Every structure is written in structure tokens, then in C-alpha cells.
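Asks: Have a look at the structure that comes next, please.
A short reminder: the numbers here are calculations on the coordinates, not readings from a lab. Here the structure is a predicted model, which means the values were calculated and not measured. Don't worry about glycine lacking a Cβ; one is built from the backbone with ideal geometry, like all the others, and counts go over all protein chains shown.
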Amino acid sequence: MNEAKWIDISQPLDDKLAHWPGDTPFQYVTEYTKEQTGSVNIGKMTTSLHSGTHVDAPFHFDNSGARILDLDLELFIGQARVIDGSSFTMLNEEMFSHFNLDGVTRLLVKTLVPNNPIHFPADFPSVTTCGANYLGKKGVKLIGVDVPSVDHPDSKELSGHHALLKNEIAILENVMLDSVPDGDYELIALPLPIKEGDGSPVRAVIRPLLLDEKGE
């Protein structure tokens, strides 16, 4: 049986990448060229830890929260379900209850916002407290969204972040799902081991699960 191919759902990191207003944009330069060193090119990047596809650590929004290196790696590797929530304007209990989430540990949500890494959307659906609580009751341990944040860009309270933390649900943001069909996949979205980090860029990839991998 042929193995399914991995699908990259990460935003490419380049100087055109949209960034949160006021945050540090991504920039890459070849700091030293092969002509200068005599042997190699050496690049340097400057970036916010929340550039592109990334994981939020609880310390990002809670001074007493865990840093990125404290998070359980098992959260970011394993079976995930992709759902199409593009007909909903909020990621709330009503929205999530439309989908079968029985046995789902990792959930990736396609929203109504088109994937466009060079454009920062002014508005996008956010996770509500009731939505986070519903996911917690269903046993979800990670949510990934295809927008820059699980909270509205104007929010200062970050109720979605805090509600997800209360329910022990990890946060993955800015995944690219426009061309991904609903269904079950294997996910790998490992954050970098940044010891004091409040977040980390990730290379998020998925591949469809074959029937025997689903236990069917």
C-alpha cells in the first residue's frame, strides 16, 4: 500500500510575511557570504516568535504560565481532525457541536478567512469561552486555526487564550488549510526548544490517515 504524502500547512517565512501590527516582522539576510568566509553562506533572521505558523505558550498571555520548552511534545504529534468552519463567524459551542469530535485530541479549524500569508486580516473568527469549554469536555488537547490568533485582533482580555489554557488545550495559529479536505490526518507541528520562549514558529505538516491507521 502506498503511503500518503505529507502536506505542508505552514506559512513560508520571508520578508513579505504579514505580522501582527506593532510586532517584529520576519527578516532574513545572508549575513556572511561564501565569498566572505571562503567556505559557506551564513544567514541571519530577525523575527517575532509569533511570525507565521506558530505555537503559543501560556507565558505569552499569563506571567505564571509555562514556557515553550515546558510543553508536552506529544501534544504536537499525532492524529488530528480537520473541520471546515467557514460558514460560521465565531468558534463557539454552537459551531463545534455541528461536528463529530468524539475521540478527537487535536483539532484543526478552517475558518471563513482566506489563507493569505502576506495580508494581516482586520477581522477573523475567535474562540469563545463556551467554545473552549465545549472542546475541553470533548477531550480536545490542541486546537489549530488558520488565522493569526484564537482571539479577535482588538482583544486585550484574550478570553479565548485563557479559556483554552483553563481547559488544558494547546494553541497552534496560522496554519494553512484552504486546500485541505475535512478528515483525519497525522499532524507534526513541533515548536523549537526555546527555553524562555513565549511561543515558537513551527513547520506544521499533515498527511491523510489510511483506513487501517484509523482502526477501521
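Asks: Which of rounded, prolate or oblate describes segment 156-216 when judged by the alpha-carbon gyration tensor and an a/c cut-off of 1.5?
Replies: prolate
Asks: Considering only DSSP beta bridges with both partners in segment 7-214, what is the antiparallel share in %, to the nearest 5?
Replies: On the way: 24 of 38 bridges.
The antiparallel fraction comes to roughly 65 percent.
Asks: For the chain, what does -39500 (n - 2.57) per DSSP helix run (n ≥ 4), summed and divided by total residues, give at 222 nm, in deg cm²/dmol to the nearest 500? Don't skip to the end; give the middle numbers.
Replies: On the way: 4 runs with 26 residues, N = 216.
Theoretical 222 nm ellipticity from helices: -3000 deg cm²/dmol.
Asks: Relative contact order, percent, of the chain when contacts are C-alpha pairs under 8 Å separated by at least 6 residues?
Replies: Averaging sequence separation for qualifying contacts and normalising by length gives 29 percent for the chain.
Asks: When Lys and Arg each count +1 and Asp and Glu each count -1, what net charge do the other residues less than 15 Å away from V175, Cβ to Cβ, add up to?
Replies: Within the 15 Å Cβ shell, the charges total -3.
Asks: Only sites in a loop by DSSP and with at most 12 other Cβ atoms within 10 Å count here; which trypsin sites (Lys or Arg not before Pro) in segment 1-62 make the cut?
Replies: K5, K16
Asks: Sticking with this structure for a sec: In terms of Cα to Cα distance under 19 Å, which aspartates and glutamates are near enough to K5, apart from those fewer than 8 places away along the same chain?
Replies: Hits, sequence-local ones excluded: D178, D182, D184, E186, D212, E213.
Asks: Also: Could you work out the mean projected area of the convex hull around the alpha carbons of segment 7-214, in square nanometres to one decimal? Provide the component values of the computation, followed by the final result.
Replies: Details: hull surface 51.4 nm².
Projected over every direction and averaged, the Cα hull of segment 7-214 covers 12.9 nm².
Asks: Can you bin segment 27-130 into rounded, prolate or oblate? Criterion: square roots of the alpha carbon gyration tensor eigenvalues sorted a ≥ b ≥ c, rounded for a/c under 1.5, prolate for a/b above b/c, oblate for the rest.
Replies: prolate
Asks: Normalised radius of gyration for segment 18-64, please: alpha carbon Rg relative to 2.2 N^0.38 Å, two decimal places.
Replies: Here the Cα radius of gyration is 1.64 times the empirical estimate.
Asks: Can I ask one more? On a 0 to 90 degree scale, rounded to 10, what angle separates helix 129-138 from the longest Cα axis of the chain?
Replies: 70
Asks: Could I have the simple spin-label model distance between E35 and E94, label points 7 Å from Cα toward Cβ, reported in nm to one decimal?
Replies: Placing both labels 7 Å beyond Cα along the Cβ direction yields 6.2 nm.
Asks: Here's another thing I want to ask about it. Report the gain in length on full extension from E168 to S64: 0.36 nm times residue separation, minus Cα-Cα distance, nm rounded to one decimal.
Replies: Net length gain for the segment: 36.0 nm.
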